[in-house]
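The values are calculated or read from the model by the stated rules, or taken from the named source; none is laboratory data. This one's a predicted model, so the numbers in the text were calculated from it and none came from an experiment. Cβ placement follows ideal geometry from the backbone for every residue including glycine, while neighbour counts extend to all protein chains displayed. Just the protein is used for accessible areas: all its heavy atoms, side chains included, with ligands, DNA and RNA removed. Shrake-Rupley method; radii C 1.70, N 1.55, O 1.52, S 1.80 Å.
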Amino acid sequence: MKAERTINLQDITALEERCQLATYKKMPIVAERGEGVWIYASDGERYLDLYGGHAVAGTGHCHPHVVKAIKDQTDKLLFYSNLVFSEARARAAHKLVSIGPPALTKAFFCNSGTEANENAMRMARLTTGRENVITFAGGFHGRTADAISATFLGKYREIGKPNVPGHLKAEFGNIDSVRALADGSVAAIMLEPIQSMAGVRTAPPGFYRHLRELCDEQGIILIYDEVQTGIGRTGEWFFAGSKAGAEVVPDIITLAKSLGSGIPVGACLVTEQISAQIKENDLGTTFGGGMIAMAAVTATLEAIENDGLLANVRTVESYLRERLREVEQVVALHGKGFLLGLEFAEQARPVHERLLRQRVITGTSSATNVLRLLPPLCLTEAEVDLFIESLTTALNHD
Ligand SMILES: Cc1ncc(COP(=O)(O)O)c(C=O)c1O
């Protein structure tokens, strides 16, 4: 039987606006349930979700294998911290390490992307005894003090003031700009290997190879922030080790977003050499490694394997690229897999809004003419056809 609504739709919106602090500019949708790439709103409409709630819904909304694993875990134990061992945590750590590059042998669990990046930078500082961190113009790394200070994009460092000292800015894709900064004071170089928020910017494979060489020469820790690119989004488990990245493997990969299919969880994957230097109480978090999150991680990775979602991303990406060639207003297509930026000659926000009116959810970026797609990895060719139809209508408006 359908549950009776106790509060009407206008009241939900009004109540949230009255009682919640402003965060993002909200879409006029009251999300009620989700299935695969679809979000069902309380007014009965359904939306094709090509954004996944900030790239979180990698396995699609409410993947049955993930939902079951979470439900089963809730019957056993909601939470106990890292003071005890746990089968759920052991399985998640083993599974995550087993899909990662072989050189990264240990996982550290936390609760979000910003926290994963803070801990990665801390590990680099602790193990090198140095303080400076090089990051890149256009990179986004989170909103806590150290991560926002590492974010040379738009207003973020400004709203994060006072900034943590020791953050140096290089130009993405320009190895000379990194060389000019990389001396014996630098603990880490950290980058989004594909800069998502900046408008889905990529670099040539040689850039990653040169970064690796530079880090090896100077004893610098290389950190890939794969909060967006990780867990299958590019059609590989990670950008690290991929052909597009010259098969370069960093010393630390940071993860969050789709890692738990919507249950908050972040992680760092770390080399044996670094983990050997981390001592008890150097790192810690109450909730990191909690049982519900760990059950969600294992089930997420299993669902991606069981459903062949990495291969699906590669196949459907090719189809989407082919179909987008028919859309003349798309002047360039950036990115890889299901992290794509559609560049227009015009502004992207009005396109995003017209798509929304046709019940298609997409994302904008800080490049105002780039529309971002971060769909669930289970997107099909038939759903791509629906998107192309809506996009064509949205672009050919009067
Ligand atoms: C590349 C990247 N790193 C870090 C973060 C921060 O993650 P969180 O919002 O989970 O703290 C984000 C969030 O958008 C991100 O896109």
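Do the conditions hold for Thr105, that is, is it more than 20 Å from the chain's Cα centre (by Cα), hydroxyl-bearing (Ser, Thr, Tyr), closer than 28 Å to Lys243 by Cβ and not in a helix (DSSP H, G or I)? Yes.
Can you confirm whether Gly232 is on the phi > 0 side of the Ramachandran plot, in a loop (DSSP other than H, G, I, E, B) and in contact (Cβ under 8 Å) with a residue 12 or more places away in the chain?
Numbers: on the phi > 0 side of the Ramachandran plot: yes; in a loop (DSSP other than H, G, I, E, B): yes; in contact (Cβ under 8 Å) with a residue 12 or more places away in the chain: yes.
So Gly232 passes the test.
Which one of Leu83, Leu126 is in a loop (DSSP other than H, G, I, E, B) and on the phi < 0 side of the Ramachandran plot? Quick ask: steps written out before the conclusion?
Details: Leu126 fails: in a loop (DSSP other than H, G, I, E, B).
Answer to the check: Leu83.
Within segment 55-76, residues that are more than 30 Å from Val200 (Cα to Cα) sit with their Cβ atoms under 7 Å from residues that are of a type in the set (Ser, Thr, Tyr), at 6+ positions apart or across chains, in these pairs: Ala69/Thr298. Scan segment 259-275 for residues that are within 11 Å of the ligand (Cβ to nearest atom) and under 18 Å from Leu379 (Cα atoms) and the total you get is 1.
Considering segment 241-257, the residues that are open to solvent by less than 10 Å² (accessible area, probe 1.4 Å) and of a type in the set (Gly, Ala, Ser) include one that is nearest to the ligand (Cβ to nearest atom), namely Ala256.
Restricting attention to segment 67-78 and to residues that are open to solvent by less than 70 Å² (accessible area, probe 1.4 Å) and of a type outside the set (Ser, Thr, Tyr), the residue that is nearest to Ile388 (Cα to Cα) turns out to be Val67.
Could you please give the count of residues in segment 162-192 that are within 16 Å of the ligand (Cβ to nearest atom) and closer than 16 Å to Glu213 by Cβ? The total comes to 3. Output the residues belonging to segment 294-321 that are open to solvent by 10 Å² or more (accessible area, probe 1.4 Å), out of contact with any helix residue (DSSP H, G or I) (no Cβ under 6 Å at 6 or more places or on another chain) and in a helix (DSSP H, G or I). Residues satisfying the conditions are Glu302, Glu305, Asn306, Leu310, Ala311, Asn312, Arg314, Thr315, Glu317, Ser318, Arg321.
Given the options Ala382, Ala394, Ala348, name the one that is within 20 Å of Lys25 (Cα to Cα) and open to solvent by less than 70 Å² (accessible area, probe 1.4 Å). Quick ask: steps written out before the conclusion?
On the way: Ala382 fails: within 20 Å of Lys25 (Cα to Cα); Ala394 fails: within 20 Å of Lys25 (Cα to Cα).
After applying the criteria, what remains is Ala348.
Checking the condition of a type in the set (A, V, I, L, M, F, W, C), surrounded by fewer than 24 Cβ atoms within 10 Å (Cβ to Cβ), over 24 Å from Leu320 (Cβ atoms) and touching a residue at least 12 places away in the same chain (Cβ under 8 Å), which residue from Leu222, Leu211 passes? I'd like the intermediate steps shown before the answer.
On the way: Leu211 fails: surrounded by fewer than 24 Cβ atoms within 10 Å (Cβ to Cβ).
Only one candidate passes the filter, namely Leu222.
Of all residue pairs spaced 6 or more apart or on separate chains, those with beta-carbon atoms under 9 Å, a first member in segment 253-271 that is part of a helix (DSSP H, G or I) and a second member that is among the basic types (Lys, Arg) are Lys257/Arg233; Ser258/Arg233. Among the residues making up segment 93-118, those that are open to solvent by less than 10 Å² (accessible area, probe 1.4 Å) and within 16 Å of the ligand (Cβ to nearest atom) are Cys110, Ala116, Asn117.
Mind checking which residues of segment 119-147 are β-branched (Val, Ile, Thr) and open to solvent by 10 Å² or more (accessible area, probe 1.4 Å)? If you could, list the steps in order and put the result at the bottom.
The initial filter retains those residues of segment 119-147 that are β-branched (Val, Ile, Thr), namely 127-128, 133-135, 144.
Once the filter is applied, which keeps residues that are β-branched (Val, Ile, Thr) and open to solvent by 10 Å² or more (accessible area, probe 1.4 Å), segment 119-147 yields Thr127, Thr128, Thr144.
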